Amino acid sequence: MSDPLALVPRRIAHLDMDAFYASVELLRYPQLKGLPVVIGGGWRKEDEALRMAHGHALADIPVGAFPLLKDYVGRGVITTATYAARQFGVGSAMGLMKAAKLCPQAILLPVDFEEIRRYSRQFKTIASSIVPQMEDRGVDEIYLDFTDVPGGQREGGRVLARLIQKAVFDATGLTCSVGVAPNKLVAKMASEFNKPNGISIVQPGDLQALVWPLPCRKINGIGPKASEKLTGLGIHTIGELAAADPQWLMGHFGKTYGAWMFEAAHGRDERAVVTESEPVSMSRETTFDRDLHAVHDRAELGAVFTRLCEQVAADLQRKGYVGKTIGIKLRYDDFKIATRDTTLPAATADAARIRQAAGQSLKRAPLEKRLRLLGVRVGSLLKAGESSDKNQAPAQSVPAPAAINSEAQTGWLF
């Protein structure tokens, strides 16, 4: 007779929507299915012309009428691409001009954020109605705790994963891939094993066969720089990382990160699926169509800078947060990045206060080179009305702000 108090195996799922941005566009333009399609950049006159010419009959637009990637001129980056486009080496975060050299025949479509958010809410509502313990990880991915859900243990979680896939597809027409494993770390890797529309089950004994042959960068948390350093040290696979001496890893990567790498390589992760989490920061950034100079393009940069501060402030106010750490991000024409932060005495969601503190941060950044990207970030968030007395960081003095459209911008570079 089985012990009713015995712990059931932990089963955590990672659900990842397949080429989400592109898939949403293909619902609108089914005639593009199977073709290389790239999603990126903003709205363009070509897209507006298509919509005006065809009205609501979007599915009837001839394939030859769509704008092609080879004709794109600008500084935009790819948000996502269909699997047909990815075969040419095109991928997320790649510059559109670079992608045009790899796949000039790809069709280029803009990002429709409103539609993306609508489908994002829809698939998450469906998934959480089946598995209530859900952690939202972004617009196109979630974690789900199958452990104690009826049917969550059947076939290692495959039965429940299949049910969620079907429910999402029936309601939205979109596919997703699901990885189910003993923890979040391995589940996220598993969701990539059988894309698109796949289900991958990893049991505790499968680590050596399914995970260890993978490159180290497949571990969420090992980025390009750490991966490159590991390669230079002769470690290429997760299995080789697992076999490394933990003290040696800590010597090369620091005590905390080195120890974590060793644990991750052995598939150890005790993080819970968190159903409610507070944002750490909110930010807005923009990539310019041409490189701008802090002196020669001061007026244009100033307008963009102000707009970013206003947008971040609006985001904070809409979601009910205030923040104390105001930062800026610069990407130069050589792609190098600089960030600077200023900590306020009290948290704020006021656009003028954010603009002035961001200006103080900007004063400490190198501005000799031309700028490719400008961003504004507000961190150390609190719910509006909460006390910020506890654990308050030392604050840099920032004078009281003038109105955001005031001529009194003393000390601001833009």
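Computed over the Cα atoms of the chain, pair by distinct pair, the Kirkwood hydrodynamic radius stands at 24.3 angstrom. Measuring with a 1.4 angstrom probe and ignoring ligands and nucleic acids, residue 136 comes out at about 80 Å² accessible.
Does segment 100-177 classify as rounded, prolate or oblate by the C-alpha gyration tensor (a ≥ b ≥ c root eigenvalues; a/c under 1.5 gives rounded; else a/b over b/c gives prolate, otherwise oblate)? Note, shape of segment 100-177 comes out prolate.
Checking the a/c ratio against 1.5 first, then a/b against b/c, what shape does the Cα gyration tensor give for segment 258-319?
Numbers: a/c = 5.22, a/b = 1.97, b/c = 2.65.
Oblate is the answer for segment 258-319, as a/c is 1.5 or above yet b/c matches or exceeds a/b.
Under the classification rounded if a/c is under 1.5, otherwise prolate if a/b is larger than b/c and oblate if not, where does segment 58-108 fall, given a ≥ b ≥ c as square roots of the Cα gyration tensor eigenvalues? Judged from the Cα gyration tensor, segment 58-108 comes out prolate (a/c at least 1.5, a/b above b/c).
Rolling a 1.4 angstrom probe over the protein heavy atoms, how many square angstrom per residue are accessible across the chain?
Values: 20960 Å² over 414 residues.
Per residue, the chain has an accessible area of 51 Å².
Among the protein heavy atoms of the chain, carbon and sulfur supply 53% of the accessible surface, probe 1.4 Å, non-protein parts ignored. Looking at the chain only, what percent of DSSP beta bridges run antiparallel? Nearest 5 please. Bridges in the chain are about 90 percent antiparallel.
Ratio of Rg to Rh for segment 23-165, alpha carbon only, Kirkwood? Walk me through the numbers before you get to the answer.
On the way: Rg = 18.3 Å, Rh = 17.1 Å.
Rg divided by Rh gives 1.07.
A 1.4 Å probe over all protein chains sorts 146, 253 by accessible area into 253, 146, starting with the largest.
Using only alpha carbon positions, build the gyration tensor of segment 290-336, then give the equivalent ellipsoid semi-axes as the square roots of 5 times its eigenvalues, largest first, whole angstrom. Working shown, then result.
Values: eigenvalues 132, 34, 14 Å².
Sorted largest first and rounded, they come to 26, 13, 8 Å.
The values are calculated or read from the model by the stated rules, or taken from the named source; none is laboratory data. These numbers were taken from a predicted model, which means no experiment stands behind them. Keep in mind that these areas ignore ligands, DNA and RNA; they rest on the heavy atoms of the full protein, side chains included. Shrake-Rupley method; radii C 1.70, N 1.55, O 1.52, S 1.80 Å.
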